[in-house]
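Structure first, commentary second.
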Number of protein chains: 2
Amino acid sequence: MIRLLIADDHPVVRAGLRAVLESEPDFAIVAEAATAERAVELAAEPGVDVVLMDLQFGPGSAMNGAQATAAITARPGAPRVLVVTTYDSDADTLPALEAGATGYLLKDAPPEELAQAVRAAAAGRSALAPSVADRLLERMRTPSAALSARETEVLGLVADGLTNQQVSQRLHLSQATVKSHLVHVYTKLGVDSRTAAVREARRRGLIR
Amino acid sequence: MIRLLIADDHPVVRAGLRAVLESEPDFAIVAEAATAERAVELAAEPGVDVVLMDLQFGPGSAMNGAQATAAITARPGAPRVLVVTTYDSDADTLPALEAGATGYLLKDAPPEELAQAVRAAAAGRSALAPSVADRLLERMRTPSAALSARETEVLGLVADGLTNQQVSQRLHLSQATVKSHLVHVYTKLGVDSRTAAVREARRRGLIR
DNA sequence: GCGCCGGTCAACCTTTTGATTGATGCTGCT
DNA sequence: AGCAGCATCAATCAAAAGGTTGACCGGCGC
């Protein structure tokens, strides 16, 4: 019997996962959490084998699913965490996997796939949705040239429509520095304008 | 007894809505549809009072929820359509409401709110999520100054990172025309740079 | 200690973009 | 017929952004 904890802020999704998974004879939903904090608490209790973790917990939440995943898997004897989320982007996927998630599924997965993934997670095997696996492999191939923290910060403000001047004021920098960061961002992303950089970074899930 | 049709491409969401709504004694789920086309077919059958309609039906779908809503409500004696979707943006909301949706809810609504909305829809009353209602009122106050088709087209390419030169080539225009369109876009959106325009248009759901 | 990298800044120059003004043709509405 | 709105283009000027080169400092690893 695989004992499950469902962590999602949407009542409808919780009910849906419960309905889909309860029909499996070897599954038992032992708890539900509507917040990330509550999920961490409940996952610390003994008697949970797999946590189904959403990544988005609404705007009024201090902790996100990736942070909760990290908090859960940090403990010895922790349950496996299977991320089940609506949309996938690099910005979400990689932190979650780095935080110790055993698998990553999308909510539009068919019920059988969901059940298989839960069994795999319970056995300690990984379960990745094909789209996620694809992007992980792509990431392997291209050394990725991730943006530095400062570069990401500057690009984020640019994506909000700020000019170099405004960015420099906001971050207490000179315009030269802002331009310097942006030039690096452009070369790393393989583009040559701020608008293209914003688009490319968004596509790769580096911002927003 | 209110007879319901659930139209959503996610099995988990269908199960969740079914679980939440079946617990109401005056509701009966009489059908489910995993595609927009199937929803239109089933809604044409007699014996459906309210259709719970998702707007997104996956990339491999020819018809979206708004189009399905229009097809359903076009018929005399058609059931009410209550849009229940994950995220809200102006780009989705208004077409759906113009297509004849009776209400617009987000999936993170609590079960009671969902049930109330279904009863309101069945009675022909409107049910809007607060965030949606807010934006409708805001839209009333600001005469909105919608972008023209051409302006939207140009802005869309700008959002893809193209320069004015590239846009002019793509659309077989002169750069002067592209700049002219963009100036109009900027004044309509109240911004003064392409990046800010992209951000603002995205925020308002005018593009992407 | 030395090299590397990230972050900071400067000066210079080219290209792009934004702002303004003005003009033309077409369509739809009254 | 007249008007408004949209789309098209031109010319011009100022501002912003992009590209290049070079420089300094601090932390980190070997």
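Loop-resident trypsin sites (Lys or Arg not before Pro) (DSSP state other than H, G, I, E or B) in the range A:1-101 with no more than 16 further Cβ atoms inside 10 Å of their Cβ are absent. Position residue A:123: other-copy label points at 5.4 nm, ordered by increasing distance, label point 7 Å along Cα→C-beta. Assign one of three labels to the range A:149-203, namely rounded, prolate or oblate, based on the Cα gyration tensor with a ≥ b ≥ c the square roots of its eigenvalues; rounded applies when a/c is under 1.5, prolate when it is not and a/b is larger than b/c, and oblate otherwise. In terms of gyration-tensor shape, prolate.
Computed over protein heavy atoms with a 1.4 Å probe, the carbon and sulfur contribution to the accessible area of the range A:53-208 reaches 53%.
Computed over chain A, the per-residue total of -39500 (n - 2.57) for DSSP H runs of n ≥ 4 gives a 222 nm mean residue ellipticity of -15500 deg cm²/dmol, rounded to 500.
The residue among A:28, A:186, A:84 whose Cα reaches farthest toward the positive pole of the charge dipole of the protein assembly as shown, with charges on the beta-carbon of Lys, Arg, Asp and Glu, is A:186. For residue A:2, the residues whose amide H sits under 5 Å from its own are A:27, A:28, ignoring neighbours fewer than 5 places away on the same chain, with H placed 1.01 Å from N. Charge dipole of the range B:1-147 (Cα centre as origin; +1 on each Lys and Arg Cβ, -1 on each Asp and Glu Cβ, all else neutral): 320 debye, rounded to the nearest 20.
Summary of the geometry: the range B:1-35 and the range A:1-77, compared by the centres of their Cα atoms, lie 24 Å apart. Short-range pairs are left out: with C-alpha atoms under 8 Å and at least six residues apart, the relative contact order of the range A:149-203 is 34 percent. Consider a paramagnetic label point 7 Å from the Cα of residue B:44 along Cα→Cβ; state which residues of the range B:58-85 have an amide N under 18 Å from it. Label zone hits: B:62-81. Counting pairs of alpha carbon atoms under 8 Å apart in space and at least six apart in sequence, what relative contact order in percent does chain B give? Relative CO of chain B lands at 15 percent.
Estimate the FRET efficiency between residue B:174 and residue A:131 by the formula 1/(1 + (r/R0)^6), using the beta-carbon distance for r and 41 Å for R0, to the nearest 0.05. Could you put the intermediate results ahead of the total?
Numbers: r = 41 Å, r/R0 = 1.00.
Efficiency computed from Cβ-Cβ geometry: 0.50.
In this assembly of identical copies, the label point of residue B:87 (Cα plus 7 Å along Cα-to-Cβ) is separated from its counterparts by 0.2 nm, sorted shortest first.
Chain pair B, A: how much accessible area is buried, both chains summed, with a 1.4 Å probe, in Å² to 100? Write out the running numbers ahead of the final one.
Numbers: alone 10650 and 10690 Å², together 19120 Å².
Using a 1.4 Å probe, the pair buries roughly 2200 Å².
Rounded, prolate or oblate: which one fits the range A:57-108, using the alpha carbon gyration tensor with axes a ≥ b ≥ c (rounded when a/c is under 1.5, else prolate when a/b beats b/c, else oblate)? Could you put the intermediate results ahead of the total?
Values: a/c = 1.84, a/b = 1.27, b/c = 1.45.
Judged from the Cα gyration tensor, the range A:57-108 comes out oblate (a/c at least 1.5, b/c at or above a/b).
Residue by residue, the range B:47-62 carries 3J(HN,Hα) couplings of x, 10, 9, 9, 9, 8, 10, 7, 9, 9, 10, x, x, x, 10, 6 Hz when phi is fed to the Karplus relation 6.51 cos²θ - 1.76 cosθ + 1.60 (θ = phi - 60°); x denotes Gly or Pro. Residues whose amide H lies under 5 Å from that of residue B:32, counting only those 5 or more places away or on a different chain, are B:6; hydrogens are built 1.01 Å from N in the peptide plane.
Which shape class, rounded, prolate or oblate, goes with the range B:61-206 when its Cα gyration tensor gives a ≥ b ≥ c as root eigenvalues, a/c under 1.5 marks rounded, and past that a/b bigger than b/c marks prolate?
Details: a/c = 2.85, a/b = 2.17, b/c = 1.31.
Cα axes put the range B:61-206 in the prolate bin.
Among residues of chain A, the one whose beta-carbon sits closest to the A-to-B rotation axis is listed with its distance in Å as A:16, 1.
The values are calculated or read from the model by the stated rules, or taken from the named source; none is laboratory data. The model shown is predicted, which means the values in this text are computed figures rather than measured ones. Note that we place each Cβ from the backbone using ideal geometry, even for glycine, and neighbour counts take in every protein chain shown. Calculation scope for accessible area: heavy atoms of the full protein, side chains included, ligands and nucleic acids excluded. Shrake-Rupley method; radii C 1.70, N 1.55, O 1.52, S 1.80 Å.
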